[in-house]
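What follows is one structure encoded as structure tokens, with my remarks underneath.
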Amino acid sequence: MNEYEYVFVANNYAPASDSGSLVVAHRSQPQRHPVLPSSVPTPPATLSPASTQSPPGQSPPAEPAVQSHDPEPAKPTPTQMQSVFSSQTGESYRSQQHTAQVWESHKEEIRRLYLDENRPLKEVMAVMRQKGFRATVRMYKSRFDKWGFSKNNSKREVVTMLQVQRQRNALGKRTAFQRNGREIAIDAYLKRKGISQYDLAEPGIAQSLPEHLRCVTPPPETPLIIQTGGALSLQELVLQTVRDLSWNPYCPADVPLVTSAAIYRGDALRCAITDITNADWLFHVGHYNRGGVMCEQGFKSLHLMVTKPSIYGLLHLLLFHLDAHNKGIIKEVWRYLAAYSATVRADGPLTRLFQGISKFINTHEFDEYWNLIFECTERLLLIDEQSSGLPDGTIARLYPLIFIPRAHQYKQGPYRRLQSRCDWNRLTRGTKPRVPEEMAIYEASELLIIGAQSRWQDKRVLPLAESVLEKTRNFAYNVDFFVYIAMNALAHYHRADFKPGDSAASPKHQLSIQYLEQVCHLSEGKWDADLGYFMGDLEKLEDWYREAGDTFMADNAHKRWRDSLEMIPIQWQRMP
């Protein structure tokens, strides 16, 4: 079974659902059969593809007696020979403990398969078994640690490489690094983590690089190879698409900038992207049937990105791809949009963008694709409206989408970098809020932006949160959303100075837990596809309890999260 990963985001402006809950029964456990004793350890019978025991009623064939003058037959010990079950291939085979000399004799072949050809470990094991060399996953990983066979950068390695780079820069030398003969993209690592090289800066002389890392002087730069033409052309297509969509009269001109994103909450395209986001999350947590139904719902309306596009839909789509981990869904979304555009014979920058990204993701490494999407999103937020010929306020109207509540599981670093590109003052221009609902959205947006940019330590967080709660007491809709924004802000405000290991009895912990518990109560016992990010706060609650050393309450929060998953209907359909 393929592994699924998720990230979870849902638009925050749809009204909450009052639908009842549906409890789904747990699946029964597979039947287990007894295992007959054996002198050599064997895997459970439920894992073995075939049984080697004698049929019932028959005795095993008698073995010839060993004469007293004959030497006793040698018996392999468990450490010399063990029966191993391969979960990847589903077959049982014998695996031996090999000496260091035997491993070294196969080192170059394993290096070629695992590093040069970039094959997964299970494929490497299968190839080596065909050549008569059998070992367990643990044996391979232990040997890889000794050989330095690693495909990923560790934080310690990046810190060391940056130290070497700074020392060489001081001498006027250009620097590049290679791992097992392949160039390392340190900038890609930093962008993926949402940090800069200064976040990892450490004083002192650089340590020696590990054996599998090399420092080299790259050849002189050529403008043509700074960035591939495909990536540059796709970024330009994003800018052209924004220019086209910005003149689409999606929102009335007299709508306040800060509230215009609220109009997007009822858009069928927004619902489609939200449903696909939820599907990605459900696949990750193992609810494949629910995820499949949710994914099908989303793709039913995804064609609206071609037939009725909007600048809000474009940004929402890019943000989804920054968070999603299920590569199959990511590729299918772009493939579907490219194919649909070709089928209806659509033309223009948007169509060329879909077709270009669909081709790019299939011809480049995933990290290169992710960096492309991030750079496109960041450049969109940095567009100068005057020089680009866009209507005034085009980009500021998009800010609320960057600050919508996001589940605890999401990568926070990249979003903090995008959020730092937003200027709250630009949202205060133009038409001012005129009715209580607009004023509540105005203050909730200000609370989200100021709070996120200050890590919830700005002195305005507390009065803004209290004002939002007061203004929405008499609202007939979207109350849960405003309560969520305010309570979450108060929880993070009181948690800002708490450090892991602080006492569970500290006022900071008690207050932050109190407000976060109120947030979690908003989602328990019900499911709303548009407010599903509420459930992510149960995981945050579990983490906060563990940070304070309260294991009992942490385990209880984890159970509450699992129970909430069972509330999601197996057969679900979005109501029109």
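Expected output is a single nm value to one decimal: the length gained when fully extending between Ala100 and Val479, i.e. 0.36 nm times separation in residues minus the C-alpha distance. What is it?
Net length gain for the segment: 129.9 nm.
Read phi for every residue in region 279-289 and hand back ³J(HN,Hα) as whole Hz from Karplus 6.51 cos²θ - 1.76 cosθ + 1.60, θ = phi - 60°, with x for Gly and Pro.
Each residue of region 279-289 in turn: 4, 4, 5, 5, 4, 5, 8, x, 9, 5, 5 Hz.
Skip the ligands, DNA and RNA, and give the accessible area per residue of region 532-576 with a 1.4 Å probe, whole Å².
49 Å²
Provide the per residue accessible area, probe 1.4 Å, for region 337-426, rounded to a whole number of square angstrom.
It amounts to 42 Å² per residue over region 337-426.
Once you put a point 7 Å from the Cα of Glu368 and another 7 Å from the Cα of Lys331, both along the Cβ direction, what distance in nm separates them?
If labels sit at Glu368 and Lys331, their model points lie 1.5 nm apart.
With a/c under 1.5 counting as rounded, go ahead and sort region 345-478 into rounded, prolate or oblate using the C-alpha gyration tensor (a ≥ b ≥ c being the square roots of the eigenvalues; past the cut-off, prolate if a/b is larger than b/c, else oblate).
prolate
Please work out how much length the chain gains when fully extended from Arg214 to Glu183, using 0.36 nm per residue of separation minus the C-alpha to C-alpha distance, in nm with one decimal.
10.2 nm
Take peptides 258-270, 294-306, 374-386 and line them up by average Cβ neighbours within 10 Å, highest first, as a rough protection proxy.
Top of the packing list down: 258-270, 294-306, 374-386.
Give the carbon-plus-sulfur fraction of the accessible surface of region 356-466 in %, rounded to a whole number; probe 1.4 Å, heavy atoms of protein chains only.
47 percent
Over 25 Å between C-alpha atoms is what I'm after, so list which of Lys122/Lys151; Lys122/Lys327; Lys141/Lys540; Lys331/Lys540 land there.
Lys141/Lys540; Lys331/Lys540
Check the straight Cα-Cα distances from Lys559 and name the aspartates and glutamates below 12 Å, setting aside those fewer than 8 residues away within the same chain.
Qualifying aspartates and glutamates at Cα under 12 Å: Glu524, Glu539, Glu542.
Apply the a/c threshold of 1.5 to the C-alpha gyration tensor of region 529-568 and tell me whether it is rounded, prolate or oblate.
In terms of gyration-tensor shape, oblate.
Given R₀ = 41 Å, FRET efficiency for Asp563-Ser150 by Cβ-Cβ distance, to 0.05?
In this case the efficiency is close to 0.55.
Using only the heavy atoms of the protein chains and a 1.4 Å probe, how would Tyr415, Tyr515 rank by accessible area, largest first?
Sorted descending by solvent-accessible area, the residues read Tyr515, Tyr415.
For an R0 of 25 angstrom, estimate the FRET efficiency from the Cβ-Cβ distance between Met575 and Gln518 and round to the nearest 0.05.
The calculated FRET efficiency here is 0.35.
Give the residues of region 508-543 whose amide nitrogen is closer than 18 Å to a point set 7 Å from the Cα of Gln457 in the direction of its Cβ.
So the set is 508-509, 512.
The values are calculated or read from the model by the stated rules, or taken from the named source; none is laboratory data. Keep in mind that what you see is a predicted model, and the values were worked out from it rather than measured. Using ideal geometry, Cβ is built from the backbone for each residue, glycine included, and neighbour counts are taken over all protein chains shown. The protein model used for the area step is the full one, side chains on, heavy atoms only, and it has no ligands, DNA or RNA in it. Shrake-Rupley method; radii C 1.70, N 1.55, O 1.52, S 1.80 Å.
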